[in-house]
Structures are given as structure tokens and as C-alpha cells.
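The structure appears below as C-alpha cells.
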Amino acid sequence: MSTEVNKLKIFNDPIYGFISLPNTLIYDLVQHPYFQRLRRISQMGLSYLVYPGAHHTRFHHALGCMHIMQKAVDVLRFKGVEISKEEEKALYIAILLHDIGHGPFSHAMEHSIVEDVNHESISLLFMDELNKEFNGELTLAIQIFKEQYHRKFMLQLISSQLDMDRMDYLRRDSFYTGVAEGNINSERLIQMMNVVDDTLVIEEKGIYSVEKFLMARRLMYWQAYLHKTSLVAEVILTKVLKRAKELTQRGIVLPCSQPLLFFMQNKITQEDFDSKTLNLFAQLDDYDIISALKMWQYHDDYVLKSLSSMIINRDLLKIKISDEKFTQEQVDVLINKFIKLTGLTFHDATYFVTRGKIKNQAYSKDSEPIRILKKDKTIEDVVTASDQLNLKALTKPVTKYYICFPKVLAEK
């Protein structure tokens, strides 16, 4: 018995206070090397180059999500929604592991080191592997995660436009960045939750909290997630990893950790993710990437050296953001100017000039709506139920365009 009591640990969280682990299986999952690796993966990638406090990790976030899921289960049961012990356990497992497939600087990785393999599918591979280890105890959690369970509201708690994941990351990211606009009242949102016909709803008196949540999401995207400095840093990191992969495939062996070398030497797609690949992926974290950049900034290759040094020393490319698209002609002009200055080939110069677009949509009409349960028991989409005109505006995607190029060209 004494060992079991010992497994019901308590974590001290700066946002919610004490977080307790609800059962011994959760403890064993948290202790697993796959999950402990999340301590070494930053929640907000390179955003600490803008907000020095943004060093919190995906480990932190996953525990926070599980904590508010416990609160949600309590509230729903109190309102008469039946949730069995098995379902409760499955909800905690699914939310705890929902982000376990993230790699280091996840979005940059998804576009360079692995070939279009998204973190959701890697999360599922990790869950399947853990399910074998834990004798099928994750089966129900996996079914919920894959939309194969008949109680639809359970997936909505894990993945929807008002899920535990978003509730935690908005509040946590706002706390660690100091961007106060992102702070939301997750307690009130959870207190207002209910289930009607197996669908998650928010009671009408919680509508202002939902509006505040959607506004907070929009502002956090512009001020933090899509901040132009974070954006250009991520673009540079993607380019560094692409260049490193290109050089490796040419037979140039770059100094870096074994797991990182494996992913640079091999073209890894969804089909290639077997147990061996997954275990190598599980050894990758932010430290592999940063220590590689620290070595690569002294490499002979001009492209690799320059781009690595930009991130290590926070001396980034210049970025311009506009409502209008940048043309290929504008890109070519900048590339040719840079070639004149440096003598690089056209191919190598393209690493330094790039264009793209960003999109911010706080609330999507194409996804499942956030449903408001009115006092007369009818259910409406929050946009219709709200008297705020600005909510309609939040459903429109706002697209902006960017171009990145070396600072030396800005001076010309």
C-alpha cells in the first residue's frame, strides 16, 4: 500500500496551485521517458527571443490540461452527466498525452526534418506503443482520441474550439509571456459546461466568458504566436534544418546528436514511423537542436553558419508584414542583390530570402461550433447567441503576408 500512496504525487503549478495525480496509472505515464522528454521541449518554441519569460514546457502544459479536465469531470458529474470510472481515467490519459508527439520546435521540424508528418499522428503512435507497455489500459483513451467512441462530448473536451488544451495554453502562455490580453477565466468556463444529447454546451450565463476566450485567442495569436520576431526565427530554423539535411544528403557529416543525424540522413514519412524510428524520435528535444546550432555556427558552409548564428545570437533576418501579397519578382530582386553582395549561387541565396503568409481565425465556422444552451433549452452557435457584433468579425480569417531578407539589404 505504501508504494501506491507514494504514486499520488502533487505538483505545484504557478497557475492553478496544486495539481494532484488522480491515479497510479497517470503517475506511471508521467514517469515514462516518452513523457519526461516533454520537460525538454518548450511550449512556445523560439518565442523566448521575444518574451524572455516564455520558457515553459509541454510537460507543464500537459499536466495543466489534465488538472482542468479533472475539474470538468467534477462539474459535469455534479450536473448529472454520467461518466464512469473507466471513462474518467480515459479522459485523463487522452488529455495528458494529446501533445506527446510534438518534436523540438515542432512546427519547424514538421516542415524540414520529418516529411509532412504532423504531431497528432506521432502522438497516436506514442499512445499505441504505451498501450502495449501498459497491457491495453490506454485502449479507451485511444478510441476517444480517434473519434471512435460513441460519447461525442468526450472528444470535444480534448479537441474542439473550446477544449481543455486551448483553455490551458491561453492562460499559461499569457502568464509566461506577460501578454495580459490572453488571460482567460478557465474556472468560469468549466463551471458553465454541460452536456446535452452527448454534445458539449456552455450555459447561457457563460456566454461573456466564451466571448472573452475567443478575443483572448485572437489577441494571443497576433501578439505572441504570430509575433513577427517569433515568425522570422521559426522561418530561419526551418531553413537551417533544411540546409543541414541537404548537406548531410550530399555526404557531408555534420556534428550533432545521433538521433538528429538519423533524421537528417533518412527521408522519414508517415509510413516510416516504426517502433525503432519512434524511439529515435523520442530521444530528440530542444537541446539537440540548440547544441547543433551552436556547433554549426562555426561550420565552413556559409548558409549553415550564417543561419545558425542568427538564432544563437538573436541577430535575425529582417521581416516585413503586409496586407498585400509579396510577388516573386520582389523576392528575385532581393535574391539578386544578395548574390551581388556575397557571391553566393542563386540556390544558396534563396535560403536568405523567403515569403509566406499567416492566418489568424479565432473562431471557425467550418469546424464544430461552440454551442450555447439558452434558458429556454434551445441550443445556438455562440456567434448567433451573442449580442457582440465583434464575434462575427472573429469568424473571418485575417491573412497577412510576410517577406524575410538579410538586414544588409534593408540598408541599401
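What do you get for the angle between helix 119-133 and the principal long axis of the chain? Use alpha-carbon atoms, 0 to 90 degrees, nearest ten.
The helix 119-133 is inclined about 60 degrees to the chain.
Could you give me D for region 315-412, from Stokes-Einstein at 20 °C and 1.002 mPa s, where the hydrodynamic radius is the Kirkwood radius over C-alpha pairs? Units µm² s⁻¹, please.
Roughly 127 µm²/s, to the nearest whole number.
What residues qualify as long-range amide H neighbours of VAL196, i.e. H under 5 Å apart, gap of 5 or more or another chain, H built at 1.01 Å from N?
Counting only residues 5 or more places away or on other chains, the set is VAL201.
If you project the alpha carbons of region 296-351 onto their three principal axes, what span does each projection cover, largest first, in Å?
For region 296-351, the Cα extents along the three principal axes come out at 37, 24, 15 Å.
Using only Cα atoms and rounding to the nearest 10 degrees, what angle (0 to 90) does helix 328-342 make with the longest principal axis of the chain?
50 degrees
Residue farthest toward the positive end of the dipole of region 158-248, with Cβ of Lys/Arg at +1 and Asp/Glu at -1: which of GLY206, HIS227, GLN191?
With unit charges placed on the Cβ atoms, the residue in question is HIS227.
Given a 1.4 Å probe and every protein chain left where it sits, what share in percent of the accessible area of the chain is carbon and sulfur?
After summing per-atom areas, the C and S share lands at 50 percent.
Compute log10 of I(q)/I(0) for region 89-187 with the Debye formula, placing one identical point scatterer on every Cα and leaving out solvent, at q = 0.22 Å⁻¹, to two decimals.
So the normalised log intensities are -1.14.
With unit charges on the beta carbon (Lys/Arg positive, Asp/Glu negative), name the residue among THR177, LEU157, MET215 whose Cα is farthest towards the positive pole of the charge dipole of region 148-227.
Towards the positive end, the residue furthest out is THR177.
Calculate one ³J(HN,Hα) per residue across region 295-303 by plugging θ = phi - 60° into the Karplus curve 6.51 cos²θ - 1.76 cosθ + 1.60, and present them in order as whole Hz with x for glycine and proline.
7, 5, 5, 10, 6, 5, 6, 4, 5
Where nothing but the Cβ of Lys and Arg (+1) and of Asp and Glu (-1) is charged, how large is the charge dipole of region 81-152 around its Cα centre, in debye to the nearest 20?
The calculation lands at about 220 debye.
Using +1 on the beta carbon of Lys and Arg, -1 on that of Asp and Glu, and nothing else charged, what's the dipole of region 326-412 about the Cα centre, debye to 20?
Numbers: 15 positive and 10 negative charges, 33 e Å.
Using Cβ point charges on Lys, Arg, Asp and Glu, region 326-412 gives about 160 debye.
Using +1 at the C-beta of Lys and Arg and -1 at the C-beta of Asp and Glu, which of ILE268, GLY251, ALA292 has the Cα lying farthest in the positive direction of the dipole of region 242-296?
The Cα lying farthest towards the positive end belongs to GLY251.
Please report, in debye to the nearest 20, how large the charge dipole of the chain is about its Cα centre when each Lys and Arg carries +1 at its beta carbon and each Asp and Glu carries -1 there.
1340 debye
For region 345-394, count the residues as N, evaluate 2.2 N^0.38 Å, and divide the Cα radius of gyration by that value, please.
On the way: Rg = 20.6 Å, N = 50, 2.2 N^0.38 = 9.7 Å.
Scaled against compact globular proteins, the figure is 2.12.
Any chance you could list the semi-axes, whole Å, largest first, of the equivalent ellipsoid that the Cα gyration tensor gives for region 1-93, using √(5λ)?
Details: eigenvalues 144, 62, 27 Å².
Over the Cα atoms of region 1-93, the semi-axes work out to 27, 18, 12 Å.
Mind running the shape call on region 247-301? Use the C-alpha gyration tensor, a ≥ b ≥ c as the square roots of the eigenvalues: rounded below 1.5 for a/c, prolate if a/b tops b/c, oblate otherwise. Kindly include the intermediate steps, with their values, before the conclusion.
Numbers: a/c = 3.17, a/b = 1.54, b/c = 2.05.
Here region 247-301 falls in the oblate category.
Scan (i) 32, 27, 18; (ii) 40, 28, 17; (iii) 28, 27, 20 for the value of semi-axes √(5λ) of the Cα gyration tensor in Å calculated from this model and give just the label.
After the calculation, the listed value that fits is (ii).
For n ≥ 4 DSSP H runs only, could you compute -39500 (n - 2.57) per run for the chain, divide by its residues and tell me the 222 nm figure to the nearest 500?
Result for the chain: -15000 deg cm²/dmol, rounded to the nearest 500.
Taking each pair of distinct Cα atoms in region 254-372 once, what is the resulting Kirkwood hydrodynamic radius in Å?
Kirkwood radius, region 254-372: 18.1 Å.
Between ILE10 and THR229, what is the FRET efficiency for a Förster distance of 30 Å, r being their Cβ-Cβ separation, to the nearest 0.05?
0.20
Going through region 228-306, which trypsin sites (Lys or Arg not before Pro) have at most 13 other Cβ atoms within 10 Å and a DSSP loop state?
ARG250, LYS267
What number, in nm² with one decimal, is the all-direction average of the projected area of the convex hull of the alpha-carbon atoms of region 150-273?
Directional mean of the projected Cα hull area for region 150-273 stands at 11.2 nm².
With angles folded into 0 to 90 degrees, how steeply does helix 164-177 sit against the dominant principal axis of the chain? Use alpha carbons for both and round to 10.
50 degrees
Starting from the Cα of LYS228, draw a straight line to each of the lysines and keep only those under 19 Å, dropping any in the same chain fewer than 8 residues away.
LYS239, LYS318, LYS320, LYS325, LYS357, LYS359, LYS400, LYS407
Would you mind working out the accessible area per residue for the chain, using a 1.4 Å probe, and quoting it in Å²?
In whole numbers, the chain has 45 Å² accessible per residue.
The values are calculated or read from the model by the stated rules, or taken from the named source; none is laboratory data. Because the structure is predicted, anything quoted here is derived from the model rather than measured. Cβ coordinates were reconstructed from backbone atoms using ideal geometry, including for glycine residues, and neighbour counts include every protein chain displayed. The area values use the complete protein model at the heavy-atom level, side chains included, leaving out ligands, DNA and RNA. Shrake-Rupley method; radii C 1.70, N 1.55, O 1.52, S 1.80 Å.
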